Amino acid sequence: MDAKVHALLNQQINKEFYSAYLYLEFSNYFEDVGLDGFANWYMIQAQEERDHAMLFYTYLQNESQKVTLEAIDKPDKVFNEHMDVLRAGLEHEEYVTSLINDIYAAAYEVRDFRTMQFLDWFVKEQGEEETNAHDLITKMELFGTDPKSLYMLNQELAARVYSAPSLVL
Ligand code: FEO
């Protein structure tokens, strides 16, 4: 495997675990303010991010490439209101999309078609995650200021259940 592609794939393990940690912090925030549905939504998001990290880990292992685990940064965001959390989520997903695109571009440059095929799932997944983050912001803008509607939205988010990623390596 090309050294740059390898380094970026290895780095992505850390980025995805950081994403899990960040969403766990979001969940923690909402648990503290009593919005358990929002807390559930972000807890499941954290589980999905952990799955993403493991997919990168397994891909490198399957390709007989060395995996190097690095320290995970502290999630250091400060939130003044609920919407700050939702916006931070969208911003983070846009950042992750840019990382996936960077790896894809590096793989494309060296004709690493197997890595490109592996990344295809993530390209689609990022599209879905950005849409979800957008939708949540829209709902919050519409309903977040009315306590009764916020309660209903919280109930809706409480119904989200975890499902394992559709990509199996
Ligand atoms: Fe693994 Fe939400 O990107």
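The values are calculated or read from the model by the stated rules, or taken from the named source; none is laboratory data. The structure presented is a predicted model; accordingly, all values stated were derived computationally and were not measured. All Cβ positions, even for glycine, are placed from backbone atoms using ideal geometry, and neighbour counts span all protein chains on display. Surface accessibility is based on the protein's heavy atoms, side chains included, excluding ligands, DNA and RNA. Shrake-Rupley method; radii C 1.70, N 1.55, O 1.52, S 1.80 Å.
Jot down the radius of gyration and Dmax of region 107-169, Cα atoms only, both in angstrom.
Gyration radius and largest Cα-Cα distance of region 107-169: 17.6, 55 Å.
I want to make sure I understand the PRE zone here: with the label point 7 angstrom from the Cα of A105 toward its beta carbon, which residues in region 125-151 have backbone N atoms less than 18 Å away?
126-127
If V161, V123, V85 are ordered by their accessible area, calculated over protein heavy atoms with a 1.4 Å probe, which sequence runs from highest to lowest?
On the way: V161 115, V123 65, V85 0 Å².
Solvent-accessible surface, decreasing: V161, V123, V85.
What accessible surface, in Å², does a 1.4 Å probe find on S166, ignoring ligands, DNA and RNA and rounding to the nearest 10?
Result for S166: roughly 100 Å² accessible.
7 Å from Cα along Cα→Cβ at both I72 and Q11: what's the point-to-point distance in nm?
2.0
For the pair L169 and T131, what calculated FRET efficiency results from E = 1/(1 + (r/R0)^6), where r is the Cβ-Cβ distance and R0 = 25 Å, to the nearest 0.05? Mind showing how you got there, number by number?
Values: r = 25 Å, r/R0 = 0.99.
Computed FRET efficiency for T131 and L169 comes out at 0.50.
Expressed as an acute angle from 0 to 90° and rounded to the nearest 10, what is the orientation of the C-alpha long axis of helix 147-158 relative to the principal long axis of the chain?
It works out to around 30 degrees.
Given Cα pairs under 8 Å that are at least 6 residues apart, what percent is the relative contact order of region 19-64?
Numbers: 33 pairs, mean separation 18.6, N = 46.
Result for region 19-64 is 40 percent.
Between helix 82-109 and the chain, what is the angle of the helix's C-alpha long axis to the longest principal axis, kept within 0 to 90° and rounded to the nearest 10?
10
Can you put E129, E94, E141 in order of accessible area, largest first, using a 1.4 Å probe?
Values: E129 10, E94 85, E141 110 Å².
Reading off the accessible areas and sorting them downward yields E141, E94, E129.
Any idea what angle helix 3-32 forms with the longest principal axis of the chain, computed on alpha-carbon atoms, 0 to 90 degrees, nearest 10?
That works out to roughly 10 degrees.
Within the P(r) computed for the chain, what percentage of the Cα pairs occupies the region above 26 Å? It would help to have the intermediate numbers written out before the result.
Working: 4528 of 14196 pairs.
The share of Cα pairs beyond 26 Å in the chain comes to 32 percent.
Which lysines have a Cα lying under 24 Å from the Cα of K15, excluding residues fewer than 8 positions away in the same chain?
K4, K66, K74, K77, K124
Could you work out the relative contact order of region 1-141? I mean the mean sequence separation of Cα pairs under 8 Å and 6+ apart, divided by the number of residues, in percent. Working shown, then result.
Working: 120 pairs, mean separation 38.6, N = 141.
Reported relative contact order: 27 percent.
For region 49-58, what does the Karplus curve 6.51 cos²θ - 1.76 cosθ + 1.60, with θ = phi - 60°, yield as ³J(HN,Hα) per residue in whole Hz, taken in order and with x for Gly and Pro?
5, 4, 4, 4, 4, 5, 5, 5, 4, 5
Rounded to the nearest 20 debye, what is the charge dipole size of the chain about its Cα centre when +1 sits on each Lys and Arg Cβ and -1 on each Asp and Glu Cβ?
On the way: 13 positive and 30 negative charges, 81 e Å.
That gives a dipole near 380 debye.
Nearest 500 deg cm²/dmol is fine: what mean residue ellipticity at 222 nm does the chain get from its DSSP H runs of n ≥ 4 alone, each adding -39,500 (n - 2.57), divided by its residue count?
Details: 5 runs with 128 residues, N = 169.
The helix-only estimate for the chain comes to -27000 deg cm²/dmol at 222 nm.
Give the carbon-plus-sulfur fraction of the accessible surface of the chain in %, rounded to a whole number; probe 1.4 Å, heavy atoms of protein chains only.
Values: 4850 of 9360 Å².
Carbon plus sulfur share of accessible area: 52 percent.
For A107, what is the net charge nearby, where nearby means another residue's Cβ is under 13 Å from its Cβ and Lys, Arg count +1, Asp, Glu -1?
Numbers: positive: K4, R111, R114; negative: D2, E63, D102, E109, D112, D120.
Around A107, the surrounding residues sum to -3.
What distance in nm lies between label points placed 7 Å from Cα along the C-beta direction at K4 and E141?
Each label point is offset 7 Å from its Cα along the Cβ direction, giving 3.8 nm.
If I ignore ligands, DNA and RNA and count only protein heavy atoms, how much of H6 is accessible to a 1.4 Å probe, in Å² to the nearest 10?
40
Using r as the Cβ-Cβ distance of S98 and K148, and R0 as 25 Å, what FRET efficiency do you calculate, to the nearest 0.05?
E(calc), rounded to 0.05, equals 0.05.
To the nearest 20 Debye, how big is the dipole of region 86-151 about its Cα centre, given +1 on the beta carbon of each Lys and Arg and -1 on that of each Asp and Glu?
Values: 6 positive and 14 negative charges, 25 e Å.
Computed charge dipole of region 86-151: roughly 120 debye.
Order K124, K77, most accessible first, counting only protein heavy atoms with a 1.4 angstrom probe.
Numbers: K124 140, K77 85 Å².
Final ranking, largest accessible area leading: K124, K77.
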